Amino acid sequence: MTTIVLLTLTGLALAAMYFLLAAGLALIFGLMDVLNFAHGAFFTWGAYSAWWTIGRFTAAGSQEGSTGGFLLGVLVAPVVGALLAVLVEVVLLRPLYKRPIYQVLVTLGAGLMLTQMTSVIWRPDARFFPQPGWLADTSTVLGARVPNNRFLLIAAALVVLGGMLLFLKRTRYGLVVRAGAENREMVRALGIDVDRAFTLVFALGGALAGLGGAFGAAYFGSVEPTFGSVNLIFAFIVVVIGGLGSVTGSALAAVIIGLAQQFGNYYTTWAGDFVVVLLLAAVLLLRPGGLLGDRT
Amino acid sequence: MSTPAVDPLLRLAGVHAYIGESHILQGVDFAVAPNRVTVLLGRNGAGKTTTLRTILGLVPAASGTITFDGVEIGTEKPHHVVRRGVGYVPEDRDVFAGLTVAQNLRLAQRPGASRERWALAHALFPDLERRADQRAGSLSGGQQQMVAIARALVNDNRLLLVDEPSKGLAPVVVAQVTEALAAIKGTTTILLVEQNLAMAQALADDAVVLDDGRVVYTGPMAELAADEALQTRYLGAGGHATAHV
């Protein structure tokens, strides 16, 4: 029972991290039809910027970060993610909106370049991510000792999910995003500056990826340059299984993938990723539009 | 145009436009007088819809000028043109199926639009109030057309570009749509593309006929409607009053 509880909560925390990364991808694809391969780099930069910020508030040689430094890092990470996203959208993508293949190439290139930059600036090897003591500590749930950062990650994802649903359903920009996903030209014909909406959505996606990077670094306890690209693969799988463009679908798919990976890896030591690929294949065959998507 | 002594609200001069490699508008010239209804007629493929989309900026004008209220708008982006007070009702309605009726209208309403316009749209189409929380995708074709027109009415637009509002609708709905457009006639300028001659006659003051991307007739609608020879020459209608022109 203890193991089940631990695996479930850890799987949900992993799901929360995937969701933070996938939500932005889903949003960007939903409105803009852009498969953003640079998204993993926003995640990596979020992780590194949080790590760097925390490092400013951590005593030399100490393994424990301060609460203030961590909170500041969690604030800085989405800002860095959003700024990079805006840069990529405005400078690289905007001239290519009518050329989808070029978009894939340019985001792939930007992702590789941004990832490589982290190697150059902070060395290619993994760096320890100092956390406040209370975050690295464990809490006991039904006999299972679960690291507190798992709970924080789950809580952050729930807040983000709730915020995104409110944004999409209650705000004018949310309506623009939903309408733009259906018929971009008609949104233009209503007098709405779709380019500005694109930039906003990209910034929001980048911010979520950056936030995911900060919490993901706490989850894994370290940061490294390939951090984003490795997790981006699973985030894409989450987006496809959830339904392209569906934020709720991404949340549901992230839970399925996170739990499947945790349980698969624990009970077979090798099958976690294999189960994920099997799930992806099953969804593509049986429900090509994804669990909650209406697009094939 | 025979009617206006006043300055036109909209003027197209030598407008050329392409869709892909196809040269659709080949030097279109006409003017639309303020607070009147001008109908744009022509055979299928004559360039009527492209004319509306070019005015709005959805199709770029390759050359020529488009002047709205004395300002050149031919090079402006669609959202700038719309914010000058131009509303658009597209040919296929293009309501946002996943949004409710109320959300479709809220999205369309620009900041600063008057409450009176919102009230007017709902007064003309009372059904929309009752269906405010219904998804637009689940509405009938006629109800979707009402949403499409209401989206243009909720703003203080000075010019409405209305593309085939009767297309595919039952006669009773066509009558309701005609009534709604007639209600705003005189206070809003309308450039209407319409194949239904009865509707065009009921609404239009002036007519412009396009053929192969060029204007071949401008004049009073009454003159065109009364002259079967003109209709046959420009529209191929054969003088049948109820035929689609």
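The values are calculated or read from the model by the stated rules, or taken from the named source; none is laboratory data. Computed from a predicted model, the values in this text were never measured in an experiment. Cβ placement follows ideal geometry from the backbone for every residue including glycine, while neighbour counts extend to all protein chains displayed.
Condition check: within 14 Å of chain B (Cβ to nearest Cβ), surrounded by fewer than 24 Cβ atoms within 10 Å (Cβ to Cβ) and either of a type in the set (Lys, Arg) or in a helix (DSSP H, G or I) (or both). Does A:Tyr219 satisfy that? Walk me through it before giving the result.
Working: within 14 Å of chain B (Cβ to nearest Cβ): no; surrounded by fewer than 24 Cβ atoms within 10 Å (Cβ to Cβ): yes; either of a type in the set (Lys, Arg) or in a helix (DSSP H, G or I) (or both): yes.
Against the criterion (within 14 Å of chain B (Cβ to nearest Cβ), surrounded by fewer than 24 Cβ atoms within 10 Å (Cβ to Cβ) and either of a type in the set (Lys, Arg) or in a helix (DSSP H, G or I) (or both)), A:Tyr219 does not qualify.
So, in region B:88-108, of the ones that are more than 9 Å from chain A (Cβ to nearest Cβ) and not in a helix (DSSP H, G or I), which residue ends up nearest to B:Asp127 (Cα to Cα)? Talk me through it step by step, then tell me what you get.
We begin by selecting, within region B:88-108, every residue more than 9 Å from chain A (Cβ to nearest Cβ); these are B:89, B:91-93, B:100-102, B:105.
Of the ones still in play, those that are also not in a helix (DSSP H, G or I) are B:89, B:91-93, B:100.
Details: B:Val89: 18, B:Glu91: 21, B:Asp92: 20, B:Arg93: 17, B:Thr100: 13 Å.
The extreme case among them is B:Thr100.
Within region A:259-276, restricting attention to residues that are over 19 Å from the mean Cα position of the chain (by Cα) and aliphatic (A, V, I, L, M), which residue is surrounded by the fewest Cβ atoms within 10 Å (Cβ to Cβ)? Lay out the reasoning, then the answer.
Restricting attention to region A:259-276, the residues satisfying the condition of being over 19 Å from the mean Cα position of the chain (by Cα) are A:263-272, A:274-275.
Going one step further and asking which of them are aliphatic (A, V, I, L, M), we end up with A:271, A:275.
On the way: A:Ala271: 16, A:Val275: 18.
Among those residues, the one meeting the criterion is A:Ala271.
Out of curiosity, is B:Thr65 among the polar types (S, T, N, Q) and in contact (Cβ under 8 Å) with a residue 60 or more places away in the chain? Don't jump to the end; show me each part of the working.
On the way: among the polar types (S, T, N, Q): yes; in contact (Cβ under 8 Å) with a residue 60 or more places away in the chain: no.
Here the answer is no, as B:Thr65 does not meet what is asked.
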- Could you please let me know if B:Ala132 is in a loop (DSSP other than H, G, I, E, B), within 14 Å of chain A (Cβ to nearest Cβ) and either of a type in the set (A, V, I, L, M) or under 20 Å from B:Lys185 (Cβ atoms) (or both)? no
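Given the criterion more than 16 Å from the chain's Cα centre (by Cα) and over 23 Å from B:Ala200 (Cβ atoms), identify the matching residue among B:Gly85, B:Gly98, B:Gly45, B:Gly57. Break it down stepwise before answering.
Details: B:Gly85 fails: more than 16 Å from the chain's Cα centre (by Cα); B:Gly45 fails: over 23 Å from B:Ala200 (Cβ atoms); B:Gly57 fails: more than 16 Å from the chain's Cα centre (by Cα).
Residue meeting the stated conditions: B:Gly98.
Quick one: would you say B:Val177 is aliphatic (A, V, I, L, M), surrounded by fewer than 15 Cβ atoms within 10 Å (Cβ to Cβ) and modelled with pLDDT under 95? So that I can check it myself, show each step before the final result.
Details: aliphatic (A, V, I, L, M): yes; surrounded by fewer than 15 Cβ atoms within 10 Å (Cβ to Cβ): no; modelled with pLDDT under 95: yes.
Taking the combined requirement at face value, the residue does not satisfy it.
Going by the conditions given, is A:Ala214 in contact with a Gly (Cβ under 6 Å, 6 or more places away or on another chain) and either part of a helix (DSSP H, G or I) or surrounded by fewer than 23 Cβ atoms within 10 Å (Cβ to Cβ) (or both)?
Working: in contact with a Gly (Cβ under 6 Å, 6 or more places away or on another chain): yes; either part of a helix (DSSP H, G or I) or surrounded by fewer than 23 Cβ atoms within 10 Å (Cβ to Cβ) (or both): yes.
Yes.
Listed residues A:Val239, A:Val159, A:Val187; which is surrounded by 24 or more Cβ atoms within 10 Å (Cβ to Cβ), over 12 Å from the mean Cα position of the chain (by Cα) and aliphatic (A, V, I, L, M)? Before you say what the answer is, go through the steps one by one.
Numbers: A:Val239 fails: over 12 Å from the mean Cα position of the chain (by Cα); A:Val159 fails: surrounded by 24 or more Cβ atoms within 10 Å (Cβ to Cβ).
Answer to the selection: A:Val187.
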- Item | Qualifying residue in region A:196-205 (condition: within 24 Å of A:Thr44 (Cα to Cα), crowded, with 20+ Cβ neighbours inside 10 Å and among the hydroxyl-bearing types (Ser, Thr, Tyr)) | no
- If you take the residues in region B:221-237 that are closer than 16 Å to B:Asn44 by Cα and over 23 Å from the mean Cα position of the chain (by Cα), which one is modelled with the highest pLDDT? B:Thr232
- Task: Output the residues belonging to region A:67-111 that are without any contact (Cβ under 8 Å) to a residue 12 or more places away in the chain and under 17 Å from A:Leu232 (Cα atoms).
- Result: A:Leu105, A:Gly109
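Hey, does region B:14-35 have a residue that's within 14 Å of chain A (Cβ to nearest Cβ) and assigned to a strand (DSSP E or B)?
So in region B:14-35, the residues within 14 Å of chain A (Cβ to nearest Cβ) come out as B:19-20.
Filter once more, so that each one left must be assigned to a strand (DSSP E or B): B:19.
Yes, some residue in region B:14-35 is within 14 Å of chain A (Cβ to nearest Cβ) and assigned to a strand (DSSP E or B).
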- Task: Please identify the pairs in which a residue from region A:180-200 that is at the interface with chain B (Cβ under 8 Å from one of its Cβ atoms) and more than 19 Å from A:Leu87 (Cβ to Cβ) has its Cβ atom under 8 Å from the Cβ atom of a residue that is among the aromatic types (Phe, Trp, Tyr) and in a loop (DSSP other than H, G, I, E, B), counting only partners at least 6 apart or on another chain.
- Result: A:Glu182/B:Phe96; A:Asn183/B:Phe96; A:Met186/B:Phe96
- Checking B:Val15 against (1) buried (at least 20 other Cβ atoms within 10 Å of the Cβ); (2) not small (Gly, Ala, Ser); (3) not assigned by TED's automatic domain parsing to the domain that holds B:Arg214, the condition it does not meet: (3)
- Determine if region B:184-198 includes at least one residue that is over 20 Å from the mean Cα position of the chain (by Cα) and closer than 25 Å to B:Val6 by Cβ. no
- Looking at region B:37-70, which of its residues are part of a strand (DSSP E or B) and within 14 Å of chain A (Cβ to nearest Cβ)? B:Phe68
- If you take the residues in region A:125-156 that are of a type in the set (A, V, I, L, M) and in a loop (DSSP other than H, G, I, E, B), which one is surrounded by the most Cβ atoms within 10 Å (Cβ to Cβ)? A:Ala126
- Query: With A:Leu35, A:Leu9 as the choices, which residue is aliphatic (A, V, I, L, M) and either surrounded by fewer than 16 Cβ atoms within 10 Å (Cβ to Cβ) or assigned to a helix (DSSP H, G or I) (or both)?
  - Reply: A:Leu9
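With the requirement that a residue be more than 7 Å from every other protein chain (Cβ to nearest Cβ) and of a type outside the set (Lys, Arg), what does region B:71-87 give you? So that I can check it myself, show each step before the final result.
Residues of region B:71-87 more than 7 Å from every other protein chain (Cβ to nearest Cβ): B:71-77, B:80-81, B:84-87.
Answer for region B:71-87, where residues must be more than 7 Å from every other protein chain (Cβ to nearest Cβ) and of a type outside the set (Lys, Arg): B:Val71, B:Glu72, B:Ile73, B:Gly74, B:Thr75, B:Glu76, B:His80, B:Val81, B:Gly85, B:Val86, B:Gly87.
Hey, could you check region A:1-44 for residues that are among the aromatic types (Phe, Trp, Tyr) and more than 14 Å from A:Leu211 (Cβ to Cβ) and say which is modelled with the lowest pLDDT? Step through it out loud before you land on a result.
We begin by selecting, within region A:1-44, every residue among the aromatic types (Phe, Trp, Tyr); these are A:18-19, A:29, A:37, A:42-43.
Filter once more, so that each one left must be more than 14 Å from A:Leu211 (Cβ to Cβ): A:29, A:37.
Working: A:Phe29: 85, A:Phe37: 94.
Per the stated criteria, the residue is A:Phe29.
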- Residue match in region A:213-227 (condition: over 30 Å from B:Tyr88 (Cβ atoms) and of a type in the set (Asp, Glu)): yes
- Message: Being farther than 20 Å from A:Ile4 by Cβ, touching a residue at least 24 places away in the same chain (Cβ under 8 Å) and of a type in the set (Gly, Ala, Ser) is the requirement here; does A:Ala144 meet it?
- Response: no
- Message: On the basis of being of a type outside the set (Lys, Arg), assigned to a helix (DSSP H, G or I), more than 14 Å from every other protein chain (Cβ to nearest Cβ) and touching a strand residue (DSSP E or B) at 6+ places or on another chain (Cβ under 9 Å), does A:Gly163 make the cut?
- Response: no
- Query: Just to be sure, is A:Val230 at pLDDT 95 or above and surrounded by fewer than 24 Cβ atoms within 10 Å (Cβ to Cβ)?
  - Reply: no
- What about A:Phe274, is it touching a helix residue (DSSP H, G or I) at 6+ places or on another chain (Cβ under 8 Å) and touching a residue at least 24 places away in the same chain (Cβ under 8 Å)? no
